[in-house]
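Here's the structure, in structure tokens; my notes come after.
The values are calculated or read from the model by the stated rules, or taken from the named source; none is laboratory data. Please read these numbers as outputs of a predicted model, since none were measured by experiment. No Cβ is skipped: glycine too gets one built from the backbone with ideal geometry, and neighbour counts run over all protein chains shown. When the accessible area is computed, the model is the full protein with side chains, heavy atoms only, and any ligands, DNA or RNA have been set aside. Shrake-Rupley method; radii C 1.70, N 1.55, O 1.52, S 1.80 Å.
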Amino acid sequence: MKTDGIILDVDGTLWDATPAAADGYNDAITARGMDSPHVTAEQLRGLFGRPIPEIADAVFPDLAPNDRYTLIEECMKYQGKRLLENRRDMLYPGVADTIRTLAARIPLFIVSNCQAGYIETFLGKSGLTPFIRDHICPADTGLVKGPNIRLIMDRYQLKKAVYVGNIDADRVATEEAGAAFCFASYGYGEVQRADYVIDTFADLCTLFLNG
């Protein structure tokens, strides 16, 4: 199978950072002097991939909108600190080696609905910065995932792009952008349909390097 570019999601596709992220959320809640809610990694696995305001709506439904959106920004700051301090390997098996192998023959990109600086943190922690051609999040463009996938496709003149994600919202965004969707079945979610399915990240080599 042929592709001229693979665009990657982060959470639930390349790594599982939810334990450290949950610690960051709870740090922010404690710093606010609040006793609840207590955020868990499992809860965040059901939310990551959505735009940040939607995560705030889900985690802090009892707060007024201005308060919840202010608090989610604080959560992002504490989350970033926890991620930088984390010493656990958060990558899914085979991600680092597979990205290095793929990048030798196929341009690789990252598009995520994450906050500013998150992709850079991922790349710095993983050591994969040299292998990713470009990356975009909403803070860069003011756009969400679908238009940002399309932006990458147009910027690099990709005609047969594949987006790799793990939730149905990724599938919807990919279809909006006009790319093929590859479902990372080992991640957080389920999807209605997919053009390709991988059970491990290394399966991308079988799909796109052996054709």
Looking for something more than 16 Å from Phe201 (Cβ to Cβ) and surrounded by 20 or more Cβ atoms within 10 Å (Cβ to Cβ) - is there at least one such residue anywhere in segment 85-98?
no
Checking Ala194 against (1) farther than 16 Å from Gly49 by Cα; (2) in contact with a Phe, Trp or Tyr (Cβ under 9 Å, 6 or more places away or on another chain); (3) part of a helix (DSSP H, G or I); (4) small (Gly, Ala, Ser), which test does it fail?
(3)
So for segment 122-139 (the condition being surrounded by 15 or more Cβ atoms within 10 Å (Cβ to Cβ), over 24 Å from Pro19 (Cα atoms) and among the charged types (D, E, K, R)), does at least one residue qualify?
yes
Return yes when Ala64 is modelled with pLDDT of 95 or more and open to solvent by less than 10 Å² (accessible area, probe 1.4 Å) and no when it is not.
no
What's the number of the only condition in (1) open to solvent by less than 10 Å² (accessible area, probe 1.4 Å); (2) not in a loop (DSSP other than H, G, I, E, B) that Arg150 fails to meet?
(1)
For Thr30, only one of the following conditions fails: (1) open to solvent by less than 10 Å² (accessible area, probe 1.4 Å); (2) part of a helix (DSSP H, G or I). What is its number?
(1)
If we keep just the residues of segment 33-56 that are out of contact with any strand residue (DSSP E or B) (no Cβ under 9 Å at 6 or more places or on another chain) and outside any loop (DSSP other than H, G, I, E, B), which is most open to solvent (accessible area, probe 1.4 Å)?
Glu42
Select from segment 167-211 the residues that are among the polar types (S, T, N, Q) and either farther than 21 Å from Gln157 by Cα or touching a Lys or Arg at 6+ places or on another chain (Cβ under 7 Å) (or both) and list them in ascending order.
Ser185, Gln192, Thr200, Thr206, Asn210
Check off (1) outside any helix (DSSP H, G or I); (2) surrounded by 15 or more Cβ atoms within 10 Å (Cβ to Cβ) for Arg105 and give me the number that stays unchecked.
(2)
Across segment 156-208, what is the number of residues that are modelled with pLDDT under 95 and of a type in the set (Lys, Arg)?
0
Given (1) within 30 Å of Gly33 (Cα to Cα); (2) out of contact with any strand residue (DSSP E or B) (no Cβ under 7 Å at 6 or more places or on another chain), where does Gly146 come up short, assuming only one miss?
(1)
What about Pro93, is it farther than 15 Å from Phe208 by Cβ, modelled with pLDDT of 95 or more, in a loop (DSSP other than H, G, I, E, B) and not charged (D, E, K, R)?
yes
Could you check Gly142 against (1) surrounded by fewer than 16 Cβ atoms within 10 Å (Cβ to Cβ); (2) over 16 Å from Ala28 (Cβ atoms); (3) touching a residue at least 40 places away in the same chain (Cβ under 8 Å) and say which number it fails?
(3)
